[in-house]
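As structure tokens, the structure follows; a few thoughts come after it.
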Amino acid sequence: MLRPVTVAACILGCSGLVLTTEEVALFADGQPWGFILFGRNIGSPDQVRALTTALREAVGREDAPVLVDQEGGRVQRLGPPHWRRYPPGRAYGALSRLDPEAAVEMAGLGGRLLAQDLAAVGITVNCAPVLDVASPEGHDAIGDRAISDNAADVTRLARALAEGLLAGGVLPVIKHMPGQGRAQSDSHHEVPEVKADRAELAACDQAPFRALADLPMAMTGHVIFADIDPARPATISPTVINDVIRTAMGFDGLLITDDLSMAALEGDPNERARAAREAGCDVALYGPGDMAGGKSVLAGAGALTGPSARRARAALARRVAPPMPFDPADARARFDAAFGGRWAA
């Protein structure tokens, strides 16, 4: 039974395979909008299902979103032996060079198979697909996570992946707005800077995001765009968020920060959450799962109200439940055949 509560504009992680007593109390009192799982939270299917149930019970909201990064390739939190491996984004782009129509079909099947895995254990949001356009100058932090160096191919294949997720009852999160493919360093460790001019960024890097601006959720990148705002990473830049993401790119969905624990941002978790919200992000995401950081982000993020609350409701309303009819055995067979069985294990 849903109950009216004041929800905080943040997504928090937890520390392990089960919730501690302290975490249950923090979540019940702080009411984060949602949660995110990492490898430390993943054991068996039964364990993950019990954890997602416990998270929702802690906040008393059956629709509280539970997120994960399940792109495929090196960013895949649920993996063997309980879950199959999936290809990185680049594999779809490589297939597209050989057979464009087959690549679109396989991207859709990949999204649908991912959704089946996630929905079965109570995960309702996948932080995928990656819409960053690959660049020879870019750092390997994106690398083969990028579908292609061609913006049109990224757009076509990411759309198919996202629609596959949606059909399976899992909401996609397009990332990393407004485009991180040119970033020359890893935002986990330092703040990257992109020096390309606005016109070049708009023509290439931002094109997939404009084309997919109708999707329900997006994630920012902690990247400085020198020709747009030379002082602040996108996540905390009102100029990037309002002028580029909301206006030029036309995105009116729920805008979530990339993980606020990354070294690209300055200040404590409270200051980072506050700066992101003041800049225009709807929801602050903090993944480490430590109690002190979680409390700090809850305080800095504030309540989910106004346009941000509207966007959150609209995003959750896009979730298909139950998922659309699907033959997983046939889908897996076709998917594995298209990739030569490389990702079948």
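Every residue, every condition in (1) among the acidic types (Asp, Glu); (2) at pLDDT 95 or above; (3) surrounded by 16 or more Cβ atoms within 10 Å (Cβ to Cβ), yes or no:
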{"position": "68", "(1), (2), (3)": "no, yes, yes"}
{"position": "81", "(1), (2), (3)": "no, yes, no"}
{"position": "86", "(1), (2), (3)": "no, yes, yes"}
{"position": "92", "(1), (2), (3)": "no, yes, yes"}
{"position": "98", "(1), (2), (3)": "no, no, no"}
Review point. Across segment 151-192, which residue is modelled with the highest pLDDT among those that are part of a loop (DSSP other than H, G, I, E, B), of a type in the set (S, T, N, Q) and crowded, with 18+ Cβ neighbours inside 10 Å?
Key: 180
Exercise for review: For segment 210-247, enumerate the residues that are hydrophobic (A, V, I, L, M, F, W, C), surrounded by fewer than 21 Cβ atoms within 10 Å (Cβ to Cβ) and closer than 19 Å to residue 158 by Cβ.
Suggested key: 211, 213
Practice item. Identify all residues within segment 284-337 that are of a type in the set (D, E, K, R), within 30 Å of residue 92 (Cα to Cα) and part of a helix (DSSP H, G or I); write none if there are none. Key: 330, 332, 334, 336
Exercise for review: Taking only segment 118-131 into account, find how many residues are assigned to a helix (DSSP H, G or I) and buried (at least 22 other Cβ atoms within 10 Å of the Cβ).
Suggested key: 1
Check your understanding: In segment 66-90, which residues are part of a loop (DSSP other than H, G, I, E, B), in contact with a helix residue (DSSP H, G or I) (Cβ under 7 Å, 6 or more places away or on another chain) and closer than 19 Å to residue 169 by Cα?
Key -> 77, 78, 83, 86
Practice item. Scan segment 317-333 residue by residue and report those that are modelled with pLDDT under 95 and surrounded by 15 or more Cβ atoms within 10 Å (Cβ to Cβ). Key: 320, 323, 326, 331, 332
Point to revise | Considering residues of segment 193-209 that are out of contact with any Gly (no Cβ under 8 Å at 6 or more places or on another chain) and part of a loop (DSSP other than H, G, I, E, B) only, the residue surrounded by the most Cβ atoms within 10 Å (Cβ to Cβ) | key: 196
Study note, to complete from the structure: Within segment 260-282, of all residues that are surrounded by fewer than 24 Cβ atoms within 10 Å (Cβ to Cβ) and within 16 Å of the chain's Cα centre (by Cα), the one farthest from residue 11 (Cα to Cα) is 262
Check your understanding: Tell me, which residue of segment 40-66 that is surrounded by 16 or more Cβ atoms within 10 Å (Cβ to Cβ) and among the polar types (S, T, N, Q) is nearest to residue 29 (Cα to Cα)?
Key -> 52
**Study point:** Qualifying positions in segment 58-68 - farther than 18 Å from residue 112 by Cβ and within 15 Å of the chain's Cα centre (by Cα)
**Key:** 65, 66, 67
Check your understanding: Of the residues in segment 225-234, how many are more than 15 Å from residue 197 (Cα to Cα) and either part of a strand (DSSP E or B) or touching a Leu at 6+ places or on another chain (Cβ under 7 Å) (or both)?
Key -> 1
Review point. Of the conditions (1) of a type outside the set (S, T, N, Q); (2) at pLDDT 95 or above; (3) part of a loop (DSSP other than H, G, I, E, B); (4) under 16 Å from the mean Cα position of the chain (by Cα), residue 115 fails just one. Which one is it?
Key: (3)
Check your understanding: Got a sec? Which of 37, 17, 26 is over 22 Å from residue 314 (Cα atoms), modelled with pLDDT of 95 or more, buried (at least 23 other Cβ atoms within 10 Å of the Cβ) and in contact with a helix residue (DSSP H, G or I) (Cβ under 9 Å, 6 or more places away or on another chain)?
Key -> 37
Review point. Considering 280, 300, 287, which residue is touching a helix residue (DSSP H, G or I) at 6+ places or on another chain (Cβ under 7 Å) and under 20 Å from residue 27 (Cα atoms)?
Key: 300
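The values are calculated or read from the model by the stated rules, or taken from the named source; none is laboratory data. The shown structure was predicted, so the numbers you read here are calculated from the model rather than taken from an experiment. For neighbour counting, all protein chains shown are included, and Cβ atoms are generated from backbone atoms with ideal geometry for every residue, glycine included.
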